[in-house]
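Asker: Here it is: the structure, laid out below.
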């Protein structure tokens, strides 16, 4: 099941469990958000196209983090005028995790129960879970084996001049 949805002025094709970077949203990390501007909805081959929107369709998501994109250099120059100007810019993004694509009348919990595959945890959440697990002791390291003694260099052969 996937949907074409408008998020922060841009259209995205989204599925359950997908991570999407969108323009900065006014929501706190960990907050649940819903997007109701769904233009197309595909439910196992049954496609619903909106006119302009699909009635009752929503996309539920969770805000994972607010990040900045790569730095973009902006250089302006006018020939033969001596004008040069450098600017840099980093766009602000919000990373969201799509929890489910909801049809008319569906709730988020219903959509999550219908799909059996688990949603992957965000990397920080996974690190927190791993930190809580007690580490098992590692096996003791063995002493390194002794190296064989180096071979002695072969004696140089001396050549005797033969007498005539």
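The values are calculated or read from the model by the stated rules, or taken from the named source; none is laboratory data. Bear in mind the structure is a predicted one, so any value in this text is a computation, not a measurement. Here the Cβ is made from the backbone with ideal geometry for all residues, glycine too, and neighbour counts use every protein chain on show.
Asker: Of everything in region 80-116, what is more than 30 Å from residue 46 (Cβ to Cβ) and either over 23 Å from the mean Cα position of the chain (by Cα) or modelled with pLDDT under 75 (or both)? Give them in sequence order.
Answerer: Of everything in region 80-116, those that are more than 30 Å from residue 46 (Cβ to Cβ) and either over 23 Å from the mean Cα position of the chain (by Cα) or modelled with pLDDT under 75 (or both) turn out to be 80, 81, 82, 83, 84, 85, 86, 87, 88.
Asker: Could you list, in sequence order, all residues of region 36-71 that are under 15 Å from the mean Cα position of the chain (by Cα), in contact (Cβ under 8 Å) with a residue 40 or more places away in the chain and surrounded by 17 or more Cβ atoms within 10 Å (Cβ to Cβ)?
Answerer: The answer is 64, and nothing else.
Asker: Please work out which residue is modelled with the lowest pLDDT, limiting yourself to region 48-77 and to residues that are assigned to a strand (DSSP E or B) and closer than 21 Å to residue 105 by Cβ.
Answerer: Checked region 48-77; the qualifying residue modelled with the lowest pLDDT is 48.
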